[in-house]
Amino acid sequence: MPPAHQNPSKVRHRIFLRVLIVALILTGFAITVLASVIHVVLQNKPLTLAKPHIDTLTPPRGNIYSENGMLMVTSLPAWNAYFDPFADGLPPETLWTQLPNLAKCLANTLNTRSTTQWLDYLLQKIRTGNRYIHIASSIDLITMKQLKTCPIFRRGRYRGGLILENHIRRHYVFGELARRTLGYAYTTYQSGLERYFHQILAGNPGLQIAYKLPRGNQLIKNILQKPQPGNDLIVTLDPFIQDIAHHHLLQMLIQTRADHGCVIVMEVPTGKLRAIVNLKCLPNGQCKEYHRNYAIHERYEPGSTWKAASILAVLEATNLSTTSPIPTFNGKFKYYDRLMEDHELPQQDTVPLRKAFAHSMNVALSHLVWETFRDQPHQFINYLRQFGLTEPTGITFPNEPTPRIKTPDDPTWSGTTLPWMAIGYEVQVTPLQLLTFYNAIANNGTLIKPLLVSEIRQGNHTIERFTTQILRKQIASPNAIHKLQTLLQAVVHEGTAKNIYSPYLPIAGKTGTAQIARKGKYLRQYVSSFVGYFPADQPLFSCIVVIHNPKHGFYGSQVAAPVFYEIARRLLAKYTTINPSTIIPPQPPHTWQHAFPTSLAILFPEFLPTTTTTTNHTLLTFQDTTPHLTTPHPDTIPDVRNMALSDALALLSSYGLQIHIKGSPWGRISHQYPPPGKPRFRYRTITLWLQP
C-alpha cells in the first residue's frame, strides 16, 4: 500500500510506462528473432526462392603437334576491341583533341588502315552516335596491351571508352603452312583435321548449375560435371618439308600467274604424308592456303601422268618389254570419228616402248592400250581396280571423293573412251589418289594407305596409335613393276623431263599436260603436273606437283617438274647420310669443314665458297656469316634474331612461350618482341617478324 503522501494516479501512470517499455523491448526482440529465422531460411534453403539453370563449361581444345614435337596448332586467348566515344568518364574536349593521336596509334598498332583512314572512320561512326565502334577482332595479348597504351584508351574502360571482349581462338604457329589440311575450328564450322577429329580435340563439356534470386543476383554455382580437356593430335606433317614445298610452289605460281596449285610429299616406305600444300592465287596477286584442299578434294583429268597406270596394265596383260617396238602412226590416228594427234609428230613408223613412254607419245601409247583391251575393256578397268585407282585412299580426312572411272557399263562409254582414258582423259582422280599409286610403284608394288595422323595423346599418355597400313601387298607382278620403274626413269633421263635430269639426283616420274574441260568443251587452259619419286634407285619420298591454268608456260616439264626438282634437291641435303669417318676435324671458330658426297657439292654450288674435290667426296669449307650465338640464360628471353624459323622454334619450345609469327614463314627473323634479355617470367607470348 503506497504511502499516504503519494498520489495514486501518478503511481498507476508510472507502472503503465514501465509495462509499456518492457512490452516494446519484448516486441523488438521478437522481430529480431523472426528476421534472423528468415535470413537463415534464405541462406540455407535457396531452392525455395531461387530459379536454377544449367550452364555448359567449354573444355580446353587439344593441340596439334608434328611427329618431331613441334607445336602446330593451339588455343590462345584473344580479344575483340571496340570503342565507346560517349563513355561517361570521357570528356568531349579530351575526345576531340586526342582523336587524331588515337588514329595514328591505331594505324601503327594494327596496320589495317592509314592514320587518315582511321580518323575518317572514327569521325563517321561518332557522328552516327555509335557507342560500339569496331576496332579489331581476335587480337593477341601483345596487340591488346599496345592498344591500351594508345591516347584516350590509356584512360581505361570508363574514362577512355575501350571495350575489350575476351575469347579463345585457334592459333596456327606456322601461319599459312598446311592451313587447309590442319583445318579451322569455329563454333559452328570445322574443316580439315579439326573437323575429322573434332570430337577428340574438343573434349567433353562440363555442367554447372547456377541458382539465381528472382531479382537476378546470382547466389551460388555448383559444378555437376568437370569439363574434360580435348586430346592432342600428332600429325605426320614435317614443318621443314612443308616449308620447302610451300616456298617453291608459291614461287612458280607467282612466276606463271597460275590459278592454283598443290604439292604432296609422301614417305615411300611408310606412306606418311610429310607435306600437303594448297595455294590459291587471288586477284591482288597473293597466293594463300585460302580456298580448298586441292590435294585431297579436287578431282581432275590427270593427262599423261595417268599413262603409267595404263602401261602397267599392258605390261601385266602382255609379254612386252621396254624395248619392244610399237607403231607410232606418224603421230595421227582416228578412232572412229575422233582424231588423236601428237603435239610433236614422230619421224619413225615404230619406236621402242621406252621411247614412246619417255616422250609421252599419245597416239602410240593409246593405240597400244586400245589394241590390248578393246575386246575386253572390263579387263582394263579390273587392272585399274587392282592398282587401287577406283576407290578413295581412306585417308583420315573428311570428304575424300571417289575417283571417276568409267566402266563399259556406263551409258557414256563409247568407242573412243578407252583410247582417251589411256592417256588420262575421261577419268578423274585427286592428286593424293594418283600419288598413292606412284608411291606403290616406288615401293616395288606395295600399296600403302596415306598416313596423316600418327597418334592421339592425352598429355604424355598415348590413347591411340596409327601405323603403316598395307592396302595391297602387290598391285602387279614384280616383273611389270620393274619395267615401269625403268620407263619412269627414262622420262627424266631422255624424255619430257630431261630438263631436271642430274646424275647426282636420280628421279623417276612422269610429266602431265592436260587441257581443262568445262561444260563438255576443252579450253585453251591446262593442268601442268609432275609425279614421281626420288632417289630413283632407293626411293625415300614420292611427290606430286599439280598447277592449274598457268599463264606463262603450260607444259608439265616447264611448270611442275622444276618445283619437284627443287623439293627433291632440298630434301636430299637433309636426308642424305654422310659417313661419320669422313668428317674433317673441327676448324677454328666460325669456320667448319665436312666431307660431303661429290653429288651434293654439284647440286648445291651456292653453299660452296671453297671446294676441294677428291675421288668420292668434296671438301666443303663453310664460313659462318651469322652473329656468334652464346648459350641463352634460362631466365631471360633468348635472342633469335637472324635465325631461321625452324631453329628459333626449336630453341623457344623449351622456354614455354607461345609463338606468334608475322611475315614470310621461310625467311629469317628480323625482329622479336619481347626483346632479348627481358625476364622470361613476365611474358607468355613472343612475336617473331620474318623477312625473306
| task | Could you tell me whether T467 is under 23 Å from the mean Cα position of the chain (by Cα) and assigned to a loop (DSSP other than H, G, I, E, B)? | result | yes
| message | Exactly one of these conditions fails for I254: (1) open to solvent by less than 60 Å² (accessible area, probe 1.4 Å); (2) at pLDDT 90 or above; (3) of a type in the set (V, I, T); (4) out of contact with any Pro (no Cβ under 7 Å at 6 or more places or on another chain). Give me its number. | response | (1)
| task | Starting from residues that are open to solvent by less than 10 Å² (accessible area, probe 1.4 Å) and out of contact with any Asp or Glu (no Cβ under 8 Å at 6 or more places or on another chain), keep the ones in segment 512-533 and report whichever is farthest from H548 (Cα to Cα). | result | Y533
| For segment 398-427, what are the residues that are within 30 Å of Q199 (Cα to Cα), at pLDDT 95 or above and surrounded by 15 or more Cβ atoms within 10 Å (Cβ to Cβ)? | E400, P403
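Quick test for you: out of I481, I475, I456, I441, pick the one residue that is part of a strand (DSSP E or B), open to solvent by less than 10 Å² (accessible area, probe 1.4 Å) and in contact (Cβ under 8 Å) with a residue 40 or more places away in the chain.
I456
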| field | Residue count for segment 227-241, restricted to those that are open to solvent by less than 30 Å² (accessible area, probe 1.4 Å) and either within 30 Å of I54 (Cα to Cα) or not in a helix (DSSP H, G or I) (or both) | value | 9
| query | Yes or no: I448 within 25 Å of T318 (Cβ to Cβ), in contact (Cβ under 8 Å) with a residue 40 or more places away in the chain, open to solvent by less than 10 Å² (accessible area, probe 1.4 Å) and out of contact with any Pro (no Cβ under 7 Å at 6 or more places or on another chain)? | reply | no
| Quick check, is T496 under 19 Å from E316 (Cβ atoms), β-branched (V, I, T) and either part of a helix (DSSP H, G or I) or touching a residue at least 24 places away in the same chain (Cβ under 8 Å) (or both)? | no
| field | The lone exception for R155 - which of (1) surrounded by 18 or more Cβ atoms within 10 Å (Cβ to Cβ); (2) within 25 Å of D243 (Cβ to Cβ) it fails | value | (2)
| field | Hits in segment 555-564 - residues which are surrounded by fewer than 24 Cβ atoms within 10 Å (Cβ to Cβ) and in a helix (DSSP H, G or I) | value | S557, Q558, P562
| said: Exactly one of these conditions fails for T109: (1) within 28 Å of L688 (Cα to Cα); (2) touching a strand residue (DSSP E or B) at 6+ places or on another chain (Cβ under 8 Å). Give me its number. | reply: (2)
| note | Going through segment 459-493 in order, the residues found to be of a type in the set (A, V, I, L, M, F, W, C) and closer than 20 Å to A317 by Cβ are I475, A476, A480, I481, L484, L487, L488
| task | Out of the residues in segment 290-316 that are of a type in the set (D, E, K, R) and closer than 19 Å to L384 by Cα, state the one that is nearest to the chain's Cα centre (by Cα). | result | R299
| request: Could you check, for segment 486-503, whether at least one of its residues is among the polar types (S, T, N, Q), crowded, with 23+ Cβ neighbours inside 10 Å and within 32 Å of the chain's Cα centre (by Cα)? | output: no
| task | Kindly check whether there is at least one residue in segment 476-499 that is farther than 23 Å from A364 by Cβ, touching a Leu at 6+ places or on another chain (Cβ under 8 Å) and of a type outside the set (S, T, N, Q). | result | no
| said: For segment 365-393, give me each residue that is assigned to a loop (DSSP other than H, G, I, E, B), in contact (Cβ under 8 Å) with a residue 24 or more places away in the chain and either in contact with a Leu (Cβ under 8 Å, 6 or more places away or on another chain) or under 28 Å from V351 (Cβ atoms) (or both). | reply: R374, F387, G388, L389, T393
| note | The number of residues in segment 120-144 that are of a type outside the set (D, E), over 29 Å from R684 (Cα atoms) and open to solvent by 50 Å² or more (accessible area, probe 1.4 Å) is 6
| remark: Among residues of segment 536-554 being assigned to a strand (DSSP E or B) and over 25 Å from Q485 (Cβ atoms), the residue least open to solvent (accessible area, probe 1.4 Å) is I547
| request: State whether the residues of segment 133-147 include one that is farther than 30 Å from V263 by Cβ, without any contact (Cβ under 8 Å) to a residue 24 or more places away in the chain and not aliphatic (A, V, I, L, M). | output: yes
| request: State whether the residues of segment 75-90 include one that is crowded, with 19+ Cβ neighbours inside 10 Å, within 20 Å of the chain's Cα centre (by Cα), part of a strand (DSSP E or B) and of a type in the set (S, T, Y). | output: no
| note | Residues of segment 272-285 being closer than 16 Å to Q242 by Cα and over 14 Å from the mean Cα position of the chain (by Cα), in sequence order, are K272
| Out of segment 403-422, which residues are part of a loop (DSSP other than H, G, I, E, B) and either within 27 Å of P269 (Cβ to Cβ) or in contact with a strand residue (DSSP E or B) (Cβ under 8 Å, 6 or more places away or on another chain) (or both)? | P403, K406, G415, T416
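The values are calculated or read from the model by the stated rules, or taken from the named source; none is laboratory data. Since the structure is predicted, the reported quantities are computational estimates derived from the model, not experimental observations. FYI the Cβ positions are ideal-geometry reconstructions off the backbone, even for glycines, and counts take in every protein chain you see. The accessibility values were calculated without ligands, DNA or RNA, using every heavy atom of the protein model including side chains. Shrake-Rupley method; radii C 1.70, N 1.55, O 1.52, S 1.80 Å.
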